[in-house]
1. Which one is surrounded by the most Cβ atoms within 10 Å (Cβ to Cβ) among residues in region 61-80 that are touching a strand residue (DSSP E or B) at 6+ places or on another chain (Cβ under 9 Å) and of a type in the set (S, T, N, Q)?
2. Of (1) touching a Leu at 6+ places or on another chain (Cβ under 9 Å); (2) crowded, with 16+ Cβ neighbours inside 10 Å, ASP462 satisfies all except one. Which?
3. Determine, yes or no, whether ALA130 is modelled with pLDDT of 95 or more, under 15 Å from the mean Cα position of the chain (by Cα), buried (at least 24 other Cβ atoms within 10 Å of the Cβ) and assigned by TED's automatic domain parsing to the domain that holds ASN64.
4. Does ALA589 count as farther than 30 Å from SER212 by Cα, out of contact with any His (no Cβ under 9 Å at 6 or more places or on another chain) and at pLDDT 95 or above?
5. Just one of ARG145, ARG156, ARG162, ARG179 is assigned to a helix (DSSP H, G or I), over 19 Å from the mean Cα position of the chain (by Cα) and either surrounded by fewer than 24 Cβ atoms within 10 Å (Cβ to Cβ) or at pLDDT below 95 (or both); which is it?
6. Where the second residue is of a type in the set (Gly, Ala, Ser) and assigned to a loop (DSSP other than H, G, I, E, B) and the first is on the phi > 0 side of the Ramachandran plot and lies in region 370-384, which pairs have Cβ atoms under 6 Å and are six or more apart or on separate chains?
7. Suppose the filter is modelled with pLDDT under 95, out of contact with any Cys (no Cβ under 9 Å at 6 or more places or on another chain) and either buried (at least 19 other Cβ atoms within 10 Å of the Cβ) or in a loop (DSSP other than H, G, I, E, B) (or both); does GLY449 pass it?
Amino acid sequence: MNLVRKIIKNHLQAGEMIQGREIGLTIDQTLVHDATGQMAMLQFEALGFPRVKTRRSLIYTDHNILQIGYENADDHAFLASAAKKFGLFYSKIGGGICHQVNLERFSVPGQTLLGADSHTTTGGAVGQLAIGAGGLDVAVAMGGRPFYLPMPAVRRIELTGRLKPWSRAKDVALEILRRLTVSGGRGQILEFAGPGAAALSVTERATIANMSIETGAVTALFPSDEATLDFFKRQGREADYVPLAADPGAEYDDELCLDLSSIEPLAAAPHSPDNVRPVTELAGLRVDQVAIGSCTNSSFEDLMTVAAILKGRKIPAHLSLIIAPGSRQVFQELADRGALADLIAAGARIMEVACGFCNGVGQAPKNKGLSLRTSNRNFPGRSGTANADLYLVSPETAAVSALSGLLTDPRVFGEAIAVSRPNKFVIDDSLIVPPASESEAASVEIVRGPNIAPLPRFTGLDKELEGEVMLTLGDNVTTDDILPAGAHILALRANIPAISKHIFSNIDQEYHLRQQKAGAGFIIGGKNYGQGSSREHAALAPRYLGLRAVIAESFARIHKANLCNFGILPLEFTSQSDRAGIARGDRLALEGLDALFGGQMLSVKNLSSGALLQVKLDVSERQAGLLKAGGLLAQVAGAAVL
C-alpha cells in the first residue's frame with residue numbers, strides 16, 4: 001500500500017477504498033480558528049453534542065485579531081467560553097498561526113486532522129493526514145462522527161536531487177503549481193517520496209504541504225522518518241513520533257518526477273498562484289512592499305535566514321518591510337538570538353504573531369502597489385487593495401529584494417545562508433488554555449455578545465425550483481471572489497445577516513440586494529468553481545440570501561461539500577456549449593427535486609430562451625439527502641444528537 005491508503009485504511013469508518021466512492025473517516029484531531037470557529041461552535045451546539053469526542057480539538061485566535069471594534073473581542077470571548085465548556089483547547093491571541101503552532105506542538109504522524117481552514121494540509125509534513133473542510137463538517141467530526149469525502153486518487157511526487165543554494169521549498173511548491181495548475185490536483189492526495197524528499201527538513205516539507213491545496217489537491221503527505229524524529233526531538237515530543245512509509249513497490253494512480261537540483265528561484269505573478277515565472281524574468285520590477293510571514297513561510301528557519309540577510313543592512317526609503325512570526329516560539333527564539341534586533345535595525349516592522357497580511361487584515365499595499373509576499377495566495381483584492389499586484393516568493397527572494405527595492409534573484413547576494421536549529425526549542429504553552437473538566441463544564445456559561453447572531457435555518461427543496469440567473473462567471477472563481485477577505489468583513493463571520501451584504505461585492509456590489517429581492521436564484525460558473533479557502537460562509541451566506549443552485553463545469557472539493565451542507569444544488573454542465581447559452585437575468589426551472597439521488601441527470605429549462613439542457617448532480621446518496629432536507633442542520637433539526 002501507499003502511505004495514504006495505509007492511513008485511510010486505519011481510519012475507515014464507512015465506504016470502500018474505491019476511487020471516487022464516498023468514504024467516511026474517523027477523525028483524531030480538529031482545529032478551527034477565529035474566522036471559522038464561531039460558526040463551527042454554534043453548529044456544534046445546535047447539533048446537540050455535549051462534549052468533543054476527538055483525541056484533541058483546538059481553537060486558535062490568529063485570523064481575526066485586529067480589534068478595531070468590539071466584534072473581534074466578543075468573538076474571542078465566545079470562543080474561549082465555548083472551548084472551555086465543550087472540551088477544546090483554546091490558543092489565545094499571541095500564541096501564533098494555527099498551522100504553525102499545530103505542527104510544532106500537536107501534530108502526530110499517522111493520525112487524521114480535520115481543520116476548518118484549507119491550509120490544514122501543513123500537517124502532512126510529518127505524515128499526518130491533514131485535510132481542510134468547512135466548519136460544519138468539522139463540527140460533526142468533533143462530535144465523533146465520520147468525515148466524508150470521495151476516495152481520492154494518490155499521485156506520487158518523486159523528488160530526486162538536492163536544492164541548490166538560494167532555491168528553497170517555496171520554489172518547489174511553485175514549480176509543482178506551475179506544472180499542475182490550480183486545478184490539476186483536484187480529487188488527489190499528493191504523496192511525496194524519493195531521496196529528495198528525505199533530504200528536506202520538516203520546515204521545508206511544511207511549506208510544500210501547505211501550498212498543495214493551491215493545486216486543488218485534498219492534501220499532501222510526506223513520510224514520517226528521521227527528519228520527522230529530529231523535528232519532534234527539538235520540540236521535546238519524541239513520544240509522538242511514529243515511523244511511517246509506503247510499502248516498497250506501492251501502487252499509485254499518477255506520478256510526477258521532480259529533480260530538486262533543477263529548481264531555480266520562482267515567483268507567482270498576479271493574480272493566481274499558478275502564474276509562475278522564474279525570478280530572472282521578472283527581475284528589476286520596483287517593489288513597494290515586502291511582507292514575510294503567513295502559515296507558509298514564518299518558521300524559525302525562514303525568519304532566521306531573513307534576519308541573516310538583512311543584518312547590518314538597511315532597506316530603501318521607498319519600501320515597507322513587514323515581518324510576522326508564525327508562532328510565539330519562533331518570536332521568542334528570534335529575540336533570544338538577537339535576530340529580532342537585526343530585523344528592526346534593517347527597517348522592518350514587526351507584526352503580531354498572526355495571519356495578518358495574508359488574509360487582508362492590515363498591511364494593505366498602496367494604490368496600484370507591488371507587494372512581494374511569502375504567503376500562498378495572490379488573488380485580486382486579497383491584500384485589501386483591489387488593484388495591487390501581489391507576487392508570491394520565497395523568504396530569501398523577499399529579503400534580498402527588500403534590500404535592493406527591486407525584485408531580485410537572491411543568487412546575486414553571494415554565499416547562501418545556513419541556519420542552525422536549536423537542539424531544543426523554547427517550550428512555553430502557557431497561551432494554550434485547557435478546557436474545563438467534564439464535571440466543571442456544566443457550570444460554564446457561553447459568552448454571547450451582540451455580534452454572535454443566531455444560526456439561520458433553512459427549509460428543504462420543493463418538487464420544483466424556478467429562479468433567476470443572478471450572475472454568470474468564468475473559470476476558477478475563488479471563495480475570495482464570493483466572499484472577500486479583509487478586516488471589516490472578517491469581523492462579521494459570526495453574523496450571517498451582516499456578512500451576507502458582502503457576497504460577490506468585488507464583482508457586483510448590488511448582488512445581495514438583487515438576490516434577496518429575486519428569492520430563489522441560480523449562479524452560472526465555469527471550471528473549478530469555489531477554489532481557495534474553506535470558508536463555508538461562501539456557501540452559507542449566499543444560501544441565506546436565496547441562492548439555491550450553482551451550475552458550473554466543475555467544483556473545488558471543499559466548496560462543493562459546503563454547498564451540499566447548506567442545501568445549494570451543485571450542478572454540473574454536461575456540455576460546454578450549454579453554459580454559453582445562459583445569460584444573466586434568464587429564468588431557469590428544475591423539476592423532480594423531491595426524488596434526488598447521487599449521479600442523477602436533471603433537465604433544466606431556460607424559460608427565457610426556451611432551451612432545454614441536461615446537468616448532472618454528481619454527489620453521494622448522503623449528500624443528496626442533505627440537499628433534499630435543505631442542508632445538514634435542517635436534516636437533523638429536532639434530533640437531540642446527530
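1. This residue is ASN64.
2. (2)
3. The answer is yes for ALA130.
4. yes
5. Selected residue: ARG179, the only one of ARG145, ARG156, ARG162, ARG179 that is assigned to a helix (DSSP H, G or I), over 19 Å from the mean Cα position of the chain (by Cα) and either surrounded by fewer than 24 Cβ atoms within 10 Å (Cβ to Cβ) or at pLDDT below 95 (or both).
6. Matching pairs, first to second residue: GLY384/GLY360; GLY384/ALA364; GLY384/GLY486.
7. Spelling it out, GLY449 is indeed modelled with pLDDT under 95, out of contact with any Cys (no Cβ under 9 Å at 6 or more places or on another chain) and either buried (at least 19 other Cβ atoms within 10 Å of the Cβ) or in a loop (DSSP other than H, G, I, E, B) (or both).
Yes/no matrix, rows are residues, columns are (1) under 25 Å from the mean Cα position of the chain (by Cα); (2) under 30 Å from GLU71 (Cβ atoms); (3) part of a helix (DSSP H, G or I):
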| residue | (1), (2), (3) |
| --- | --- |
| VAL426 | no, no, no |
| ALA436 | no, yes, no |
| SER439 | no, no, yes |
| PRO454 | no, yes, no |
| ASP462 | no, no, no |
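The values are calculated or read from the model by the stated rules, or taken from the named source; none is laboratory data. Here the structure is a predicted model, which means the values were calculated and not measured. Glycine gets a Cβ as well: all are built from the backbone with ideal geometry, and neighbour counts include every protein chain shown.
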